[in-house]
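Following: one structure in structure tokens, then a few remarks.
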Amino acid sequence: MSDPESPAEAFGQEVRYAREARGWSQAQLADQLCFRQPYVSKVESGRQLASAQFAEQCDKVFGAPGLYARMRQRAADAGSPTWWIPYLQLEREAATICDYSPGLVASILQTPEYAEAVCRAARPDDPAPRIMQRVEDRMRRREVFDAPNPPSLWVILHEAVLWSGMGGPDVMRGQLQQLAAVSEHPRITVQVFPLGGTPARKTPFILLRQKAGIEVLYAESYMQGQVHDSPEAVTEARATYERLRANALSLPDSLSLIRNVMEAYTHEHHPRPHPRDMGEVQLQRGQRRSLRRMGPRVRSVRRRPRPGQ
């Protein structure tokens, strides 16, 4: 038998070995795991990486506490850069996650279509299979909300993210629809920082508080991200996040704005933000009047008629 080509295939191979050692068919294993037989077939062949729940059931059925869960997690992290894996581990163990995203929708809340558009824009020369693998890895991060005690997630998005048009109107409309939907989740909060405001920070960062109370900062540079646990860095980032939160729109206003922009993508091909109050309208009118007054004034001279004319 040839060696597995992917981490998903390696995990599936181990499941198949354990099943055959007990003399079970795929259907019998499916009954033991409380999963459908076609799903077991996809896992064993490596066509699908098993879910965390599947791995946990394997631990119980095969009497190997934690073994398949660890193998499955290593398989899930295998495609990630080495500098990203420490963050993923912290995210899975977090009690609260506070994310500030000034340029893109927070990756843990992205739709597959939006994530694909982001990956293609970032690496346009990458082959389609690699891009789709990145999208699948990103979607898999939502598994933290399926855990028995999921973290609380607070996301602050800059309003420019809503109007960015990433992937086109259809992709943005679907993404905003999902943002509006997850805003109703009891463990997820989405707040929008308005255009015209001056954010306390212009680059993205994430604060994670562990169940033991320890808080760490994750920040990205141009090439990679890094986890910081120094008290000074975490304290400064926490103060910055609280200023951002205080100056962002309220939760009802944020949700209303998300829905309004979603509606704009429905009716306009390339929507642009509109002023939201009369003060902004009057300011724009005043700016237009000032523009019309710009430039040298030419004084008109009336010639007096000569006598007899």
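Throughout, read-outs are computed from the coordinates displayed, never taken from laboratory work. Just so it is clear, the structure is predicted and the values come from calculations on it, not from any experiment. No Cβ is skipped: glycine too gets one built from the backbone with ideal geometry, and neighbour counts run over all protein chains shown.
Using modelled amide H (1.01 Å from N, peptide plane; none on Pro or chain starts), what sits under 5 Å from the amide H of residue 205, excluding residues fewer than 5 places away?
For residue 205, whose amide H was placed from the backbone, the distant partners under 5 Å are 100.
Treat the count of other C-beta atoms within 10 Å as a stand-in for reagent exposure and order 158, 267 from fewest to most.
Lowest to highest Cβ neighbour count: 267, 158.
Using only the Cα atoms of region 47-154, build the gyration tensor, take square roots of its eigenvalues as a ≥ b ≥ c, and label the shape rounded, prolate or oblate: rounded if a/c is under 1.5, else prolate if a/b is larger than b/c, else oblate.
Verdict is oblate for region 47-154.
Could you work out the relative contact order of region 87-223, using alpha carbon pairs under 8 angstrom and six or more residues apart, expressed as a whole percent?
37 percent
Binned at 10 Å from 0, what are the whole-percent values of the Cα-Cα distance distribution for region 119-246, short to long?
Taking every Cα pair in region 119-246, the percentages come to 10, 32, 42, 17, 1.
So for 101, 41, fewest C-beta neighbours within 10 Å to most, what's the order?
Least to most surrounded, the residues fall as 41, 101.
Which of 154, 24 comes first, and how do the rest follow, when ranked by fewest Cβ neighbours within 10 Å?
The order, fewest Cβ neighbours first, is 24, 154.
If I model a spin label at residue 70 and residue 214 as a point 7 Å from the Cα along the Cα→Cβ vector, what separation in nanometres do I get?
1.9 nm
Would you please give the FRET efficiency between residue 198 and residue 263, computed as 1/(1 + (r/R0)^6) with r the Cβ-Cβ distance and R0 = 25 Å, to the nearest 0.05?
For residue 198 and residue 263, the calculated efficiency is 0.35.
What ranking do 102-111, 202-211 get when scored by the average of other Cβ atoms within 10 Å per residue, highest first?
Peptide ranking by packing, descending: 102-111, 202-211.
Report the net charge of residues surrounding residue 127, where surrounding means a beta-carbon distance below 12 angstrom and charges are Lys +1, Arg +1, Asp -1, Glu -1.
Combined, the nearby Lys, Arg, Asp and Glu give +2.
Relative contact order for region 7-77: what percent, with Cα pairs under 8 Å and sequence separation of 6 or more?
For region 7-77, the relative contact order is 39 percent.
Please report the spacing between the Cα centers of region 20-91 and region 245-262 in Å, no decimals.
39 Å
Return the long-range amide H neighbours of residue 153 (sequence gap of 5 or more, or a different chain), with a cut-off of under 5 Å between placed amide H atoms.
Those qualifying (amide H under 5 Å, at least 5 residues apart or on another chain) are 97, 188, 189.
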